[in-house]
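Comments concern the structure below.
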Amino acid sequence: MKQTIHEILHLALTRAQKKGELKLETPPTIILDTPREKNHGDLATTLALTLAKPESKSPRKIAEIIIANIQDDAGIIEKTEIAGPGFINFFLKQDRWKKTLFEIESEGASYGLKNIGKGERVLVEFVSANPTGPLHVGHGRGAAVGDALANLLAAVGYDVTREFYINDAGRQIKLLSESIYSRYQQACGNAVQFPEDGYHGDYVEELARDFIQQHGNKYLNVPFEECRDVFGIFGKEMMLADIRTDLEAFGVRFDTWFSEANLLQDQSVQTSVEELRESRNLYEQDGALWFRSTAFGDDKDRVVKKQDGAWTYLATDIAYHRQKLGRGYKTLVNIWGADHHGYIPRMQAVIQAFGHPKDSLHVLLVQLVAILRHGQPVPMSKRAGTFVTLRDVVQDVGADVARYIFLTRRSDSHLDFDLDVAKEQSRENPVYYVQYAHARLASLFREAESRKISIPKSSTADLNLLDQSEEQHLIKALAKYPELVEEAAQAYEPHRLTYYLQDLAGLLHNYYFKHRVITDDVDRTGAKLFLLKQVKTVIQSALGILGVSAPDRM
RNA sequence: GCGCCCAUAGCUCAGUUGGAUAGAGCAACGGACUACGAAUCCGUAGGUCAGAGGUUCGAAUCCUCUUGGGCGCGCCA
């Protein structure tokens, strides 16, 4: 629709140019918007306003010229008008809108999903929590955003891989190992001191108990240095299994789990660093090895190998991202906690040092989640081991509610998650509001079926009977869906879908309340059912992208 | 000290990439069930878009400064 008007305007401009009515020294970009006010038409352009200066004519004069040159061969425009300072408003013929319904009927679940990805491969890396403790709500938000974004990109034709990067090398695992070892000793009656930076959560004691079940007191008199790996590997495996379980309960499944430790074992780190050395992006100073990230816009250069010969975290990240690019992904999307934002320039420097454009790495920042209970924030401290786990939240409010609420805000803004509201089943809880719309429709179709009323096919539905303003609003909302999905995908903003859904559900509830669907008027009933079937399809499609279920009954 | 992000109705937040009279939900007030799901709907009220300049036909949106908040700034991960 937008496309067609766009072309018509383009032709009008060239025609005006040929006649010498407009100079058009620099071809203007035509922007079409859907006006907020419905009496401003279906589509509007500011073309005449932007042309006013270069053409040195008044905007209204230019608008007149453009309109005079419009040829509506397909006959889709009802009327055009010049409004305000020089907006051109297009009113489209009603039956054009009805075509939307036929499109949804024939395309079904794939309605509105344009193939803008064209099969290009994208890697979405998210969650990537250290396997040293359970997932907390912050990880949950990252999981919801990452998974919905992956769905969204896949829906518009990208070939998407979901990856979990396992930080299973270095200090954290050693600390986990030491923490379990201490709890193990304590559980067996040895009063050893707990490591100062150790993990204090209760789950460590559970791990120690599990360890005793498997190994008994075999390691009671073994010094830590000699059984470090035993405890480390045990803890890591247990935690990873836990993380996997939690994510599955949350409806998130990864295609690949990528181990940091492997990068060290298979010499990838050495190879990557060697490559940077050859491209002269590395240098030695003060006994350490530095990456010249300033050459790519970073504030300062970064150490890759420390004086003591150990690799930094950046070193494994260099190897990891080189590896990702080497697997043939055009675009890398990383979902990080917002506190890592300072890390972005150096990673983009890495990407560029390997010869890829800066924006082939797209980092999405996810802000913290504050959990509220009875209106009060629940205190969380990772150090003290007190935090609300994803598992607690999912058990408390369910995966659908949690996912939806995580997606109701832009990912980089703070989110207050009120557990009491999340359990409420009312308009305040947007999940139920949207799901209820779907369930209501399902119920309506059950009712129709029990009365032996069938939904007409495209060929038999008389859509001219959909003459109520609420019906028109619904159709327009459905017509907007393709554009919305495309824009959300391009902006990497799945939250736009939640707002769209709330709008659409609102229109549906409003319509449903005002108008009885099933009446004695058979044709009108048929047309309404046809419309509502398409509404149901779109709600289901959008909820599907968000990873939230569309129940037939609640 | 330097850098990034943020500030919109009492509260929580949208705002179609610079457009027309800034929108939702909640809370408040007033209404709607003899009907396909009231987990719903309708109405009223609520605003100096933190403040001040600037850019232009036009700014919540872009630029500069100020104020107030969050987060980064390690040879930690």
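Do we find that residue A:448 is small (Gly, Ala, Ser) and closer than 13 Å to residue A:101 by Cα in this structure?
So residue A:448 fails the test.
Of everything in the stretch A:477-506 that's of a type in the set (A, V, I, L, M, F, W, C) and near RNA strand B (Cβ under 8 Å from one of its atoms), which residue is surrounded by the fewest Cβ atoms within 10 Å (Cβ to Cβ)?
Narrowing the stretch A:477-506 to residues of a type in the set (A, V, I, L, M, F, W, C): A:477-479, A:484-485, A:488-489, A:491, A:497, A:501, A:504-505.
With near RNA strand B (Cβ under 8 Å from one of its atoms) added as a condition, the list becomes A:491, A:505.
On the way: A:491: 11, A:505: 23.
For the stretch A:477-506, the residue satisfying everything is A:491.
Does residue A:297 meet the test of being among the small types (Gly, Ala, Ser) and within 30 Å of residue A:404 (Cβ to Cβ)? Reasoning before the result, please.
Values: among the small types (Gly, Ala, Ser): yes; within 30 Å of residue A:404 (Cβ to Cβ): no.
When the stated conditions are applied, residue A:297 does not pass them.
When you go through (1) part of a helix (DSSP H, G or I); (2) hydrophobic (A, V, I, L, M, F, W, C); (3) in contact (Cβ under 8 Å) with a residue 40 or more places away in the chain one by one for residue A:233, which number turns out not to apply?
Result: residue A:233 passes all but (3).
Given the conditions (1) among the hydroxyl-bearing types (Ser, Thr, Tyr); (2) more than 13 Å from RNA strand B (Cβ to nearest atom); (3) closer than 19 Å to residue A:495 by Cβ, which single one is not true for residue A:331?
So residue A:331 meets the others, but not (3).
Check A:149, A:176 and return the single one that is within 16 Å of RNA strand B (Cβ to nearest atom), assigned to a helix (DSSP H, G or I) and touching a strand residue (DSSP E or B) at 6+ places or on another chain (Cβ under 8 Å). Talk me through it step by step, then tell me what you get.
Working: A:176 fails: touching a strand residue (DSSP E or B) at 6+ places or on another chain (Cβ under 8 Å).
Sole residue among the options that is within 16 Å of RNA strand B (Cβ to nearest atom), assigned to a helix (DSSP H, G or I) and touching a strand residue (DSSP E or B) at 6+ places or on another chain (Cβ under 8 Å): A:149.
State whether the residues of the stretch A:282-301 include one that is over 28 Å from residue A:413 (Cβ atoms) and touching a Gly at 6+ places or on another chain (Cβ under 8 Å).
Within the stretch A:282-301 (the criterion being over 28 Å from residue A:413 (Cβ atoms) and touching a Gly at 6+ places or on another chain (Cβ under 8 Å)), the answer is no, since none of the residues qualifies.
Can you name the residue in the stretch A:29-66 that is in contact (Cβ under 8 Å) with a residue 40 or more places away in the chain and in a helix (DSSP H, G or I) and, of all such residues, is nearest to RNA strand B (Cβ to nearest atom)?
A:40
Would you check which residues across the stretch A:114-126 are within 16 Å of the chain's Cα centre (by Cα) and modelled with pLDDT of 95 or more and list them?
Hits for the stretch A:114-126 are A:122, A:123, A:124, A:125, A:126.
Let's see how each residue does on (1) within 14 Å of RNA strand B (Cβ to nearest atom); (2) buried (at least 16 other Cβ atoms within 10 Å of the Cβ):
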{"site": "A:399", "(1), (2)": "no, yes"}
{"site": "A:407", "(1), (2)": "yes, yes"}
{"site": "A:414", "(1), (2)": "yes, no"}
{"site": "A:424", "(1), (2)": "yes, no"}
{"site": "A:449", "(1), (2)": "yes, no"}
{"site": "A:463", "(1), (2)": "no, yes"}
{"site": "A:466", "(1), (2)": "no, yes"}
{"site": "A:474", "(1), (2)": "yes, yes"}
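Go through the stretch A:434-454 residue by residue and tally those that are touching a Gly at 6+ places or on another chain (Cβ under 9 Å) and over 15 Å from residue A:541 (Cα atoms).
Total meeting the criteria: 2.
Do we find a residue being over 30 Å from residue A:112 (Cα atoms) and touching a Ser or Thr at 6+ places or on another chain (Cβ under 8 Å) anywhere in the stretch A:28-51? Give the derivation first.
Initially, the stretch A:28-51 is screened for residues over 30 Å from residue A:112 (Cα atoms), giving A:48-51.
Filter once more, so that each one left must be touching a Ser or Thr at 6+ places or on another chain (Cβ under 8 Å): none.
No, because not a single residue in the stretch A:28-51 is over 30 Å from residue A:112 (Cα atoms) and touching a Ser or Thr at 6+ places or on another chain (Cβ under 8 Å).
Show the residue pairs meeting these rules: Cβ distance below 6 Å; 6+ apart or different chains; first residue within the stretch A:430-447 and under 13 Å from residue A:529 (Cβ atoms) and more than 7 Å from RNA strand B (Cβ to nearest atom); second residue modelled with pLDDT of 95 or more and assigned to a helix (DSSP H, G or I).
Hits for this filter: A:441/A:532; A:441/A:536.
The values are calculated or read from the model by the stated rules, or taken from the named source; none is laboratory data. Not measured: the values here are computed from a predicted model. Every residue, glycine among them, receives a Cβ derived from its backbone with ideal geometry; neighbour counts consider all protein chains shown.
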